[in-house]
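Worksheet: one structure, shown below.
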Amino acid sequence: MATALQEFLVTLKEKLNIVDVAGGYLTLEKRGSSYWACCPFHHEKTPSFSINEADQYYHCFGCGESGDVIKFVREMENIDFMDAVKILAERAGLQLPQTGFDNQKTVELKRKRDTLLKIMNDCAHFYLDNLNSGNAEEHLNYILKRNIPSNIVRTFGLGASLNFTDLPKFLLSKGYSKEDMLDSGAVNEADGRLLDAQGGRLIYPVINGMDEVVAFGGRVLKKTDFAKYKNTKETLLFNKSKTLYNINLLKKLRKTQTIREVIMVEGYMDTISLYQAGFKNVVASMGTSLTQEQARLIKRYTDTVLISYDGDGAGQKANMRGLEILKSEGINVKVVPLPDGLDPDDVIKQRGAEGYKKCLDASMPLIDYKLTSLKRGFDLSKTEDKRKYVAEALKVVKTADSAAEQEELLKQLRDMTGITYESLNRDLTSVPSQPKLQAEAPPVKKDKSSVHLKASRFVIAAYLFGAKFANGDVSEIPFESEVHSIIAKYLKSKKLMEERVQPAELFEFFEEKTEEYEELCKILDFSDGDALSGEVAEKYFTDCVKKLKLKYVDVQVASLTAKIENETSTEARKSLTVKLQQLLKQKEKLKSGEIK
């Protein structure tokens, strides 16, 4: 990395406070000298995510994720290093240096991504110009028919594709290569011809949280055998399972107000209609069953999601697993009941914003919705259907989180079916427990580290975090791991220069997703609490140092012994034997505690 860029990154971090940055994403609670929150990188109920304001780094004591302010923004925004630096530089009011500082592979990937973003941005403007060209009568008629005012058209960047050929010609005239055009997903190829992938459709740009156009949704305007809606294929920019429509405007909304809940709808028009009616806290899953990545994305904004899918029971049942995924991520899921056959857009048009607000007010917990939805498939006036319904409903009740909730649901079931509470409760006890869908937990690796590696970890942590008993020269301790040796050199240099040790600087020494970086994260597990204080810790520290020094002597003894056995010269053997005896004496002194 160039010196100028090193200096820039140092300046950038000095101007930022990781607590302020993280506070824009998480609800932080100050405890002692640290700030705590539930980890955004794995599901948990008890906060184990800690931010050290003094040293400007974060560490999760649950999953082990650690990093500085740049890595935090990278992970939260799902962007690369340079984009995170850009965001933070803008926040700090700093001008980015012109010199690049990525390796060749990263530079090429960044070039590719930047090119695809330019293509998508040019496409969005091309479609918008088409809409205003006087040649998009069908598209404008559809917009008028759906009562979308011009300011909302501009807000969402709606556009028009007039045919299959104009867009490829336009992009070629801008100098883009065929390969980049195809890789963007905006253009496809058939029989050797380049075609607009959204040919003839009304265009809905899909914009990410960075205000970048990453994909398009398109709606046909005539009856056709093609699908009514079509999304851009998955690309370097666009992964449907990790994207939510309108997340860009939701992010802007969060800057102006606290978002207590988010309304989740299925499609583009539902989103636009609700937004226009004043429900700006809305996003869309774009027709797919919800994924874990989308659940974690939405959790950055709220802990409560109101699911407002189409009012037909079949449509909502098909997305049940997605709702379970939301719940498994610790999100409070409620389902908004809509009149049968209506979607949110229909409700707004027929009953207005007040009518839709009543639907929101009637939203029910997920488990209540399951029972209501299940009931649609049975005729409770028929004995056989009632029995089948009760059997299935009890399976749902069994999944309730508490006995109190089970009791309440059984009473509802009693009132619905006429079967006594006592009978339902007896039958419930015989229903086998269903495995609950669990959030994908971070992989828990058993610590198979050697005793000496664990000792090294504790000793280096004691020096790094300034334990009172960590005296003496750290560089004199023989560490097994290269990571510990590097940190020891860093500590030594700071002491010589009489500078303050800043653990956050260590993140720059090791490449992410390597064994060395993981080892650093394990050392950070000692950064909070009583692990490095008290008599027990002090004794353990002394024992660890002794173990490391004894191991080092044992290695030297083994090496000298081998040399003596292979040495043919009598004089040389005598000299080596003297050294061996000295080492053995040193070992005995270490054991007896004479040498510390």
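Considering all different alpha carbon pairs of the stretch 377-435, the Kirkwood hydrodynamic radius works out to 11.6 Å. Among beta bridges from DSSP that stay inside the chain, the antiparallel ones total about 75%. Sequence-distant contacts, meaning Cα pairs under 8 Å at least 6 residues apart, place the relative contact order of the stretch 107-236 at 25 percent.
Taking a quarter of the surface of the Cα convex hull of the stretch 332-430 gives a mean projected area of 7.3 nm².
For the pair ARG154 and ASN471, a Förster radius of 60 Å applied to the C-beta separation gives a FRET efficiency near 0.35, rounded to the nearest 0.05. Built from the Cα atoms of the chain, the convex hull projects on average onto 40.2 nm², one quarter of its surface area. Pairs of Cα atoms nearer than 8 Å and 6+ residues apart set the relative contact order; for the chain it is 9 percent. Sort the stretch 458-509 into rounded, prolate or oblate with this rule: let a ≥ b ≥ c be the square roots of the eigenvalues of the Cα gyration tensor; rounded if a/c is under 1.5, and if a/c is not under 1.5, prolate when a/b is larger than b/c, oblate otherwise. Verdict is rounded for the stretch 458-509.
Legend: residue pairs LYS492/LYS585; LYS549/LYS579; LYS112/LYS255; LYS71/LYS110; LYS370/LYS395, Cα-Cα distance threshold 19 Å; pairs beyond threshold, LYS492/LYS585; LYS112/LYS255. Residue separation of ASN566 and LYS110 scaled by 0.36 nm, minus their Cα-Cα distance, works out to 158.5 nm of gained length.
Axis of helix 344-361 versus longest Cα principal axis of the chain: the two differ by about 50°, to the nearest ten degrees. The Kirkwood hydrodynamic radius of the stretch 439-596, based on inverse pair distances between different Cα atoms, is 17.7 Å. Rounded to the nearest 10 degrees, the inclination of helix 366-375 to the longest alpha-carbon principal axis of the chain is 40 degrees. Report, ordered by chain and residue number, the aspartates and glutamates lying within cross-link reach of LYS178, taken as a straight Cα distance under 17 Å and ignoring same-chain residues fewer than 8 apart. Cα-Cα hits under 17 Å: ASP114, ASP122, ASP166, GLU189, ASP191, ASP196. Net charge in the neighbourhood of GLN502 (other residues with Cβ under 9 Å of its Cβ; Lys, Arg +1, Asp, Glu -1) is -1.
Extension gain for the segment PHE41 to ASP303, taken as residue separation times 0.36 nm less the Cα-Cα distance, is 92.8 nm to one decimal. Distance between the 7 Å Cα→Cβ label points at ALA227 and GLU138: 2.0 nm. Each Lys or Arg adds one and each Asp or Glu takes one away; over the other residues whose Cβ falls under 9 Å from the Cβ of THR115, this sums to +1. A cut-off under 11 angstrom between Cβ atoms defines the neighbours of GLY267, and their net charge, with Lys, Arg +1 and Asp, Glu -1, is -3.
Computed from label points 7 Å out along Cα-Cβ, the spacing between VAL555 and ASP361 is 7.3 nm.
Solvent-accessible area per residue in the chain equals 52 Å², computed with a 1.4 angstrom probe and all protein chains kept. At q = 0.13, 0.16, 0.18 Å⁻¹, what log₁₀ I(q)/I(0) does the stretch 191-309 have when each alpha carbon counts as one equal point scatterer in the Debye sum? Log10 of I(q)/I(0), two decimals: -0.52, -0.77, -0.95. Semi-axes of the equivalent ellipsoid of the stretch 511-596 are 37, 20, 6 Å, computed as sqrt(5λ) over the eigenvalues of the C-alpha gyration tensor in descending order. For the peptides 145-151, 112-118, residues were scored by their other Cβ atoms within 10 Å and the scores averaged per peptide; the highest-first order is 112-118, 145-151. Cross-link reach is defined here as a Cα-Cα straight distance under 15 Å, omitting same-chain residues fewer than 8 places apart; for LYS494 the aspartates and glutamates meeting it are ASP55, ASP473, GLU505.
Pairs from the list LYS118/LYS251; LYS222/LYS334; LYS174/LYS299; LYS45/LYS546 with a Cα-Cα gap above 30 Å: LYS222/LYS334; LYS174/LYS299; LYS45/LYS546. One chain, two ends: HIS125 and THR420. Fully extended at 0.36 nm per residue, the span grows by 99.7 nm beyond their Cα-Cα distance. The three principal axes of the Cα atoms in the stretch 1-153 give end-to-end lengths of 63, 42, 27 Å, sorted in falling order. Expressed as a whole percent, the proportion of Cα-Cα pairs in the stretch 141-233 lying more than 19 Å apart is 45%.
The values are calculated or read from the model by the stated rules, or taken from the named source; none is laboratory data. Nothing here was measured: the structure is a model prediction, and the numbers come from that model. FYI the Cβ positions are ideal-geometry reconstructions off the backbone, even for glycines, and counts take in every protein chain you see. The area values use the complete protein model at the heavy-atom level, side chains included, leaving out ligands, DNA and RNA. Shrake-Rupley method; radii C 1.70, N 1.55, O 1.52, S 1.80 Å.
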